[in-house]
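Here the structure is laid out as structure tokens; the discussion comes afterwards.
The values are calculated or read from the model by the stated rules, or taken from the named source; none is laboratory data. Here the structure is a predicted model, which is why all the values come from computation and not from measurement. Virtual Cβ from ideal backbone geometry, glycine too; neighbours counted across all protein chains shown. Ligands, DNA and RNA are stripped out before the accessible areas are found, and what is left, the full protein with its side chains, is counted by its heavy atoms. Shrake-Rupley method; radii C 1.70, N 1.55, O 1.52, S 1.80 Å.
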Amino acid sequence: MKRIVILVSGRGSNAQAIVQRCAAEAWPAQVVAVVGNRPGAAAFDFAAAQGIATALVDHTGFAGREAFDAELMRVVDAFAPDLVVLAGFMRILGDAFVAHYAGRLLNIHPSLLPAFGGLHTHRRAIEAGCKLAGATVHFVTPALDHGPIVAQAAVPVRPDDTPEALAGRVLAVELVIYPLAVRWFVEGQLVLDGGVVRHRSGEAQWLLAG
Ligand code: GAR
């Protein structure tokens, strides 16, 4: 059984989807903890209701990023994870943290990377006149919102779109591709080859939603 720790900052719909699919599809894995940096995150309520351990490492209590990262690493390591999943975790993690979990740290970002890394992705995609937007699951490397791409999903940008409407459409596909990508990882289906991730059995690593 692979041990998964999920890091969250807020709502936790991706975390919830992963927990639910893991149980429903009997993955060879278990979500052993949900760790967050914000007190009162809704994700904690769901995890606790499922009997999943929760832990808070409040970033406001630390003098700097290195001290926060070190404590976060200590807390996460106590759960002995095979995989650490960033699911709406809104802190930038330093190089030491990323190196410590290299090859077992996944993130989802609500854009078609390498376009629109960082914040306000939906507004920026609309303002750029993009006709497609989407989400990307990737292995985390020290460069923000970069790293080998595991799966992507695309959705249309509508002429009258607002950032909120587009975010909702993108979130719907996030909840499909993130559990899928995590399942592939725990099943040992992901092969990292020269910075490119392929699925061992050739499953489609993309999704187009109308
Ligand atoms: C998701 O849309 C996720 O892609 C995004 O935050 C949201 C979290 O929602 N993550 C980032 O922007 C990371 N840079 P959730 O808490 O309901 O899963």
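Remark: the stretch 3-13, residue by residue, has Karplus-estimated 3J(HN,Hα) of 9, 10, 10, 10, 9, 9, 10, x, 4, x, 5 Hz, where x stands for each Gly or Pro and the curve is 6.51 cos²θ - 1.76 cosθ + 1.60 at θ = phi - 60°. The heavy atoms of Met73 offer some 40 square angstrom of accessible surface to a 1.4 angstrom probe. Here Ala209 and Ala63 are evaluated by their C-beta separation; at R0 = 45 Å the FRET efficiency comes out at 0.55.
Report summary: the helix-based calculation at 222 nm, which adds -39500 (n - 2.57) for every DSSP H run with n ≥ 4 and divides by the residues of the chain, gives -10500 deg cm²/dmol. Computed over the chain with a Gaussian network model linking Cα atoms closer than 10 Å, the most mobile of Val170, Val150, Val75 is Val75.
Order the following by accessible area, largest value first: Leu86, Leu175. Probe radius 1.4 Å; ligands, DNA and RNA are ignored.
The ordering from most to least exposed comes out as Leu175, Leu86.
Counting only protein chain heavy atoms and rolling a 1.4 Å probe, the accessible areas of Arg124, Arg38 rank, largest first, as Arg38, Arg124. Of the whole protein surface, Thr162 contributes about 60 Å² of accessible area at a 1.4 Å probe radius. For the stretch 69-168, the per residue solvent-accessible surface stands at 44 Å², with DNA, RNA and ligands left out and a 1.4 Å probe. With all protein chains in place and a 1.4 Å probe, the accessible surface of the chain carries 57 percent carbon and sulfur. Rounded to the nearest 10 degrees, the angle from helix 163-186 to the longest Cα principal axis of the chain is 50 degrees.
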